[in-house]
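Read through the structure below, which is laid out as structure tokens, and then see the notes.
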Amino acid sequence: MSDLVLRGVRPLGAEPVDVIIVGDRILDVVAAGTASATRVIDTDGLIALPGLVDLHTHLREPGREDAETVATGSHAAALGGYTAVFAMANTDPVADTAGVVEQVWRLGRETALVDVHPVGAVTVGLAGVQLAELGAMASSAAQVRVFSDDGKCVWDASLMRRALEYVKAFDGVIAQHAQEPRLTEGAQMNESALSGVLGLTGWPAVAEESIIARDVLLAHHVGSRLHVCHVSTAGSVDIIRWAKARGIDVTAEVTPHHLLLTEELVRSYDPVFKVNPPLRRAEDVEALREGLADGTIDIVATDHAPHAHEDKDCEWGAASFGMLGLQTALSVVIETMLTTGRLDWAGVADRMSIAPARIGRATRHGQSISPGSVANLVLVDPTQTWIVQETQLASKSRNTPYAGMKLPGRVVHVVKDGRPTVVEARVVLDGAVAGSRS
Amino acid sequence: MRHLLSTGDLDAKEAILVLDTAAELAALTDRSVKKLPTLRGRTVVNLFFEDSTRTRISFEIAAKRLSADVINFAAKGSSVSKGESLKDTALTLEAMGADAVVIRHPASGAPHRLAHAGWIQGSVVNAGDGTHEHPTQALLDAFTLRHRLRQGVGDLDGLRVTIVGDVLHSRVARSNVLLLSTLGADVTVVAPPTLLPTGVETWPCAVTYDIDEVLPTSDAIMMLRVQAERMQAAYFPSAREYSRRYGLDSERMSKLPQDAIVMHPGPMNRGMEISADVADHGRSVMVDQVANGVSVRMAVLYLMLGGSMEGAA
């Protein structure tokens, strides 16, 4: 007798089947309606994707537990269809030692809704001066493979070169936050005609593009792999496309908000739209969608960045940069990529699960929906729409830029390691349906 | 007029109403007893997060001449310097029943936020926000231009106004370009390329790097304050070079048309953007600008709080 059967699911949008799960693995995939088990989830034709993997999440613990914790962020991730997240290093203290990454890793294990893979800092304290103990983090219990000073750019070319080289010893990757610091001093929004009118200090596209150009050349020179965080400009897409054509080992991510929103929203001076990198022009949004569709941009990563209410309920200049993203990412990708015909379900699975798992070396994730695979799955109803309400998100913070927006697609069930973590859009803990935080 | 946040929100009719109202109020207060009872019982708060004695005093006099109760809330020596947020300050003012808040703030958009975040009910007047706008300065400049060059009536159709200096960081320039073009003036901005904002070519004005080229065709020239510190960030090589290339001295002034006027929003850097002899010249109208500032600010508060003049937005 099997443990769990997902009845009538449509893997990557294909014809309905039954997925039979035993332990943490998919035992078999058989004709719809033919399997039985102690527990059956009747899905009535929901789309099945491999569990989503977010390569770029801020969980804020340790240090800013008032904005988010590993537990609340894991809830948001599970409800968003994720089975694994990579927690960025810019916590307080910074995740630049084996001790801190193991703490985050252990908190993730305790919550057990998603696999929390800590990202290690590239430099001590994110200060950009001295390499952090990358090897110690790699061989710790957390098995760190992704290193990033995200929030800050590793701007010193020599240091970046050494970091790229050093992590080759343990198959690591440097995820660069591409932002030339001198070109963005005091920057508040995309540099454009609009920034001139609004009197907000501009953040020129070249500040991002010049670092990406430098880094792909460095990666090529030392034969390392490079990952570019949150690409936001058309010019960046061009440079990465050029680098890939040259055979340079570079991968790139785009956030859901950069696929949907433009700088026009800044006219409101509402800091919920303040984000790093900033919202750009409609032409950039178009280039990012095109880049994601043709594979120039490999993945969608949320850059989920919770902030305490007071850090957003203020004037633009005083507000923190960042937006929530975990619970809305799949819906935004459906809206911008699937309904527009730029990606099919297999493409969505690739950009949101298979490719990010590969880049982050999260080997238990992003597997095919076939016998022998680890049973990490998300079941989606593409026909449902929902209106985003900031008070009903699981995050401890409320800084979603989508409040009031109607988005397509709902995550209905999530299975992680063969065990349901979300059933009927509610988080399940130890087999019981937990009250979702509101 | 519910709020005054940007001169871009005013159409020509509304702007002219403010100027006409200011002219009427100026005539009424041109008496030995200057006070009008119009805003008796109303409370105007001057909320200043930046030092600006001149603007604050101008608003204070304007409100007092209309008999409003005036409260000056300066960032220094108040709870603001102890870390109280803009929001909490706003809630405090709301609880005290402020009918209008005049705000000066170093962050662009802070007045917009104050008006629209749902923190307060009263009207908001932008008295200068960051590098964004300073609408009442533009209104007093328009008033001064109209008074000096158009006999105090109508709009500014065809008037040639040149604005010179740090346009990039100037809220005065932004508000003036929007307002003067709305009123029909032909505006030209002049600056070194480093001190022009991205997208200035989309603004309703002409743009040039060469001040000498536009002097003969300027009915008025407005010199913006240029902070010498800007050279630390390499906007220009030195104060001397800036002064040589963009400063208004008597030689350049002699190339202006005979009856052209020289304006400056103050405070002036004598020897930087303007030479001392030009600053003190009979065709320099800085004192007028200051006096007109009171009338224009009275008009704004009157139209906002008096409610007795119809036709305002």
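The values are calculated or read from the model by the stated rules, or taken from the named source; none is laboratory data. Quantities reported herein were computed from a predicted structural model and do not represent experimental measurements. Glycine gets a Cβ as well: all are built from the backbone with ideal geometry, and neighbour counts include every protein chain shown.
The residues on offer are A:G99, A:G128, A:G199, and the sole one that is in contact with a Cys (Cβ under 9 Å, 6 or more places away or on another chain) and either without any contact (Cβ under 8 Å) to a residue 40 or more places away in the chain or under 30 Å from A:T262 (Cβ atoms) (or both) is A:G128.
Quick one: is B:I211 closer than 18 Å to B:G282 by Cα and out of contact with any Cys (no Cβ under 7 Å at 6 or more places or on another chain)? When the stated conditions are applied, B:I211 does not pass them.
Elements of the type helices (runs of 4 or more DSSP H) sitting completely within region B:1-98 and holding at least 1 residues that are in contact with a strand residue (DSSP E or B) (Cβ under 8 Å, 6 or more places away or on another chain): these cover B:53-65, B:86-95. The residues in region A:185-213 that are out of contact with any Asp or Glu (no Cβ under 9 Å at 6 or more places or on another chain) and β-branched (V, I, T) can be counted, and the count is 2.
Can you report the number of residues in region A:9-42 which are within 23 Å of A:L326 (Cα to Cα) and not in a strand (DSSP E or B)?
Here the count works out to 2.
Consider region A:273-289 and keep the residues that are part of a helix (DSSP H, G or I) and surrounded by fewer than 20 Cβ atoms within 10 Å (Cβ to Cβ). The one that is farthest from the other protein chains (Cβ to nearest Cβ) is A:E286.
Taking region A:340-438 as the region of interest, the strands (runs of 3 or more DSSP E) fully inside it that hold 1 or more residues being in contact with a Gly (Cβ under 7 Å, 6 or more places away or on another chain), crowded, with 17+ Cβ neighbours inside 10 Å and of a type in the set (K, R) are A:406-416. Among the residues in region B:119-133, are any over 26 Å from B:G247 (Cα atoms), in contact with a Lys or Arg (Cβ under 7 Å, 6 or more places away or on another chain), within 13 Å of another protein chain (Cβ to nearest Cβ) and in a loop (DSSP other than H, G, I, E, B)? Yes.
Here B:A185 fulfils each of the conditions (1) surrounded by 21 or more Cβ atoms within 10 Å (Cβ to Cβ); (2) out of contact with any strand residue (DSSP E or B) (no Cβ under 7 Å at 6 or more places or on another chain) apart from (2). For region B:194-223, the set of residues classified as surrounded by 17 or more Cβ atoms within 10 Å (Cβ to Cβ) and within 14 Å of chain A (Cβ to nearest Cβ) consists of B:L195, B:L196, B:P197, B:T198, B:V200, B:W203, B:C205, listed by residue number.
Of A:L259, A:L292, A:L326, A:L265, which residue is touching an Asp or Glu at 6+ places or on another chain (Cβ under 9 Å), surrounded by fewer than 24 Cβ atoms within 10 Å (Cβ to Cβ) and not charged (D, E, K, R)?
Details: A:L292 fails: surrounded by fewer than 24 Cβ atoms within 10 Å (Cβ to Cβ); A:L326 fails: surrounded by fewer than 24 Cβ atoms within 10 Å (Cβ to Cβ); A:L265 fails: touching an Asp or Glu at 6+ places or on another chain (Cβ under 9 Å).
After applying the criteria, what remains is A:L259.
Consider A:G51 carefully, then state whether it is surrounded by 17 or more Cβ atoms within 10 Å (Cβ to Cβ) and either within 30 Å of A:N276 (Cα to Cα) or in contact (Cβ under 8 Å) with a residue 12 or more places away in the chain (or both). Taking the combined requirement at face value, the residue satisfies it. Scanning region B:267-309 for residues that are in a helix (DSSP H, G or I) and more than 30 Å from B:V70 (Cα to Cα) returns B:A276, B:D277, B:V278, B:A279.
Condition check for B:A142 on (1) within 11 Å of chain A (Cβ to nearest Cβ); (2) surrounded by 21 or more Cβ atoms within 10 Å (Cβ to Cβ): one failure, at (1).
Restricting attention to region B:81-114, and to residues there that are among the small types (G, A, S) and within 10 Å of chain A (Cβ to nearest Cβ), which single residue is farthest from B:D166 (Cα to Cα)? Here the residue is B:S85.
Residue-by-condition table, conditions (1) at pLDDT below 95; (2) within 14 Å of another protein chain (Cβ to nearest Cβ); (3) within 21 Å of A:G128 (Cα to Cα):
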site: A:D171; (1), (2), (3): no, no, no
site: A:A178; (1), (2), (3): no, no, yes
site: A:Q188; (1), (2), (3): no, yes, no
site: A:S192; (1), (2), (3): no, yes, no
site: A:A205; (1), (2), (3): no, yes, no
site: A:I239; (1), (2), (3): no, no, no
site: A:A243; (1), (2), (3): no, no, no
site: A:I248; (1), (2), (3): no, no, no
site: A:T255; (1), (2), (3): no, no, no
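State whether the residues of region A:296-318 include one that is at pLDDT 95 or above and surrounded by fewer than 17 Cβ atoms within 10 Å (Cβ to Cβ). No: zero hits.
Scanning region B:210-222 for residues that are in a helix (DSSP H, G or I) and in contact (Cβ under 8 Å) with a residue 24 or more places away in the chain returns B:I211, B:D212, B:V214, B:L215, B:P216, B:T217. So for region A:189-196 (the condition being charged (D, E, K, R), surrounded by 22 or more Cβ atoms within 10 Å (Cβ to Cβ) and touching a Ser or Thr at 6+ places or on another chain (Cβ under 7 Å)), does at least one residue qualify? Yes, that holds for at least one residue. Comparison of A:V40, A:V17, A:V30, A:V22 shows that the only residue that is hydrophobic (A, V, I, L, M, F, W, C), crowded, with 19+ Cβ neighbours inside 10 Å and not assigned by TED's automatic domain parsing to the domain that holds A:G341 is A:V17.
Taking first residues from region A:285-299 that are within 10 Å of A:V237 (Cβ to Cβ) and partners that are of a type in the set (G, A, S) and assigned to a helix (DSSP H, G or I), the Cβ contacts under 6 Å between residues at least 6 apart in sequence or on separate chains come to A:A287/A:A234; A:I297/A:G291.
Within region A:33-84, the set of residues being of a type in the set (K, R) and either touching a Ser or Thr at 6+ places or on another chain (Cβ under 7 Å) or under 23 Å from A:T302 (Cα atoms) (or both) comprises A:R60, A:R64.
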